[in-house]
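Remarks on the structure that follows.
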């Protein structure tokens, strides 16, 4: 395996008395797409929300263990700094409705009060939108509201917004579950192109999607990490019986 | 048989519709009558002098109500300065903390405060401020009106912010934006139209309040801009003039009523425009 950018050690998390994640140990290789799949309620979303410490924003949540980003324990840092290093894209596109496309892309700077000059702003906006494969479609009306875009375009705008902060890791929480097949294909293509620039952790309940675009796949079941390996190996010769059953559609 | 059944249902439909339309029309009538009466009696008095001149003593013709107009603006200004930050702050707190003991109590208090008669608020302001300072003042009147505005602003802010999807807040937090900046820069701008509308409506609600002002701002025949001194206001002037026996004052009261009603109408109109133009689609 390549050198890991992110390592999860003995991690548990839950809501109140209800434990969701049970002793997770895994490492995410640098600049690869890792898919986390599993049936509904298995803790996929909780896991990635723990990585950027969004989990703790919900009242009555618990977590223990360590998550290391380049040997730095994320749970010893200020969550605000963690979230600036680890970007996140949600299930439903959520561009800021009060802002233009342009302002949405640099929202991470604007909202954090980070001062940057006009030239840098223009450069970041253009680069991020190009990375998110949205530049050609929106370059002529950057100052229109982001909410006028289609669902798929809005989701790519959200990806551009996360990329603009130059994150080490990009978390995608079922980014295509609210999109039509065409927009989904577009996002998937984009994810495959992005993996040279950033480490991507993709949560999906779509087995085929994990197979199509990920380099590594983790299978999570009832809060347990059942199996983790290269996508090719996990899909062709799964070690665990549960993985095999899930892949062959016996449950899920 | 079949056809008859359908026909009778269609007739019932028509009758029901006409009754509803008739009632709706009926509800507009009082407003139309009031407007007609006020315009009929007040329009003749209205002139540039009427809104820019000070009142003249009984017997002298002419004179205006400029001190009452300025006074009303001062009172509303003081009330707004006090109730806006407080009301928006409490509204944010309640919208962000839907359950829990303290939010429950605060919400209950706001509801009860909204139900307290304005004259009682006036007495409270009188005891708390007028008696302490030893004089009627614009400040005490503004505080009384502010207490009336507060629950309206709290409720409208809370209701507006509750409608903003959590996903928007999460989008901001996930970018590493601190909680307070997320509220100030993302949540508030998204709900701005509802909040501003609530403020405007609360102003139009208290602009015509008379009872609390009788104990507090009291009224004054002079122009006064010192907030520690008594100040005249449109409702107080209307009350004093309309209960007087003088012909001049009676017609001035109609004129002042027209000015007050116009002020409230304009505020409501602006509120409508704000709701429509500043509405954020999400």
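Values in this text are rule-based calculations from the coordinates and carry no lab data. All values derive from a computational prediction rather than experimental measurement. Backbone-built Cβ (ideal geometry, glycine too); neighbour counts: all protein chains shown.
Looking at the square roots a ≥ b ≥ c of the eigenvalues of the Cα gyration tensor of segment B:40-83, which shape do they give, rounded for a/c under 1.5, prolate if a/b is larger than b/c, or oblate? Prolate, since a/c reaches 1.5 and a/b exceeds b/c.
In chain A, the longest principal axis of the Cα atoms and the axis of helix A:181-194 are about 90 degrees apart. Legend: translational diffusion of the protein assembly as shown by Stokes-Einstein, Rh = Kirkwood radius over C-alpha pairs, 4 °C, 1.567 mPa s; D = 46 µm²/s.
A viscosity of 1.002 mPa s and a temperature of 20 °C, combined with the Kirkwood radius over Cα pairs in Stokes-Einstein, give a translational diffusion coefficient for segment A:150-199 of 192 µm²/s. Size of segment A:46-145 from its Cα atoms: along the principal axes, largest to smallest, the extents are 48, 27, 23 Å. Principal-axis analysis of the Cα atoms of chain A puts helix A:118-131 at an angle of about 40° to the longest axis. Can you tell me what percent of all Cα-Cα pairs in segment B:1-146 are more than 21 Å apart? So the portion of pairs separated by more than 21 Å is 72 percent. Please give the helix A:151-163 orientation as an angle from the longest Cα principal axis of chain A, in degrees from 0 to 90, rounded to the nearest 10. Approximately 90 degrees, to the nearest 10.
The packing ranking, built from the mean of other Cβ atoms within 10 Å per residue, places the peptides B:260-266, A:132-138, A:210-216 in the order A:210-216, A:132-138, B:260-266, highest first. Dimensions of segment B:154-206 based on its C-alpha atoms, expressed as ranges along the principal axes with the largest first, amount to 42, 17, 14 Å. Each of residue A:72 and residue B:31 was given a label point 7 Å from its Cα along the Cα-to-Cβ line. The distance between the two points is 6.0 nm. Fewest neighbouring Cβ atoms within 10 Å first, the residues A:111, A:129, A:190 line up as A:190, A:111, A:129. When both bridge partners sit in the protein assembly as shown, DSSP labels roughly 60% of those beta bridges antiparallel.
Each principal axis of the Cα cloud of chain A was taken in turn, and the coordinate range along them, longest first, works out to 54, 39, 33 Å.
Ranked by how many other Cβ atoms sit within 10 Å of their own Cβ, fewest first, the residues B:205, B:9 fall in the order B:9, B:205.
Per residue of A:83-92, other chain Cβ atoms within 10 Å of the residue Cβ number 3 on average. The relative contact order of segment B:161-282, computed from alpha carbon pairs under 8 Å that lie at least 6 residues apart in sequence, is 27 percent. Footprinting exposure proxy ranking of B:112, A:33, fewest other C-beta atoms within 10 angstrom first, gives B:112, A:33. For segment B:242-282, the share of alpha carbon pairs falling in successive 5 Å distance bins from zero is 6, 21, 14, 13, 11, 9, 9, 6, 5, 3, 2, 1 percent. Per-residue shielding of B:272-282, expressed as the average number of other chain Cβ atoms within 10 Å of the residue Cβ, stands at 2. Would any residue of segment B:202-238 have its amide N under 20 Å from a label point 7 Å out along Cα→Cβ of residue B:277? List them or say none. Of the residues in segment B:202-238, B:202-204 have backbone N under 20 Å from the label point off residue B:277.
At q = 0.15 Å⁻¹, what base-10 log of I(q)/I(0) does the Debye formula yield for segment A:159-227 when every alpha carbon is treated as an equal point scatterer in vacuo? Summing over Cα pairs of segment A:159-227 leads to -0.51. When each of the peptides B:142-152, A:100-110 is scored by how many other beta carbons lie within 10 Å of its residues on average, the order from highest to lowest is B:142-152, A:100-110.
When peptides A:24-31, B:43-50, B:24-31, B:159-166 are ranked by their average number of other Cβ atoms within 10 Å per residue, the highest-first order is A:24-31, B:159-166, B:43-50, B:24-31. Size descriptors for chain B: radius of gyration and Dmax over Cα atoms are 23.7, 83 Å. Averaged over peptide A:163-170, the number of partner chain Cβ atoms lying within 10 Å of each residue's Cβ comes to 1.
Provide Rg over Rh for segment B:203-282; use the alpha carbon set for both Rg and the Kirkwood Rh (inverse mean inverse pair distance).
Looking at segment B:203-282, the ratio lands at 1.12.
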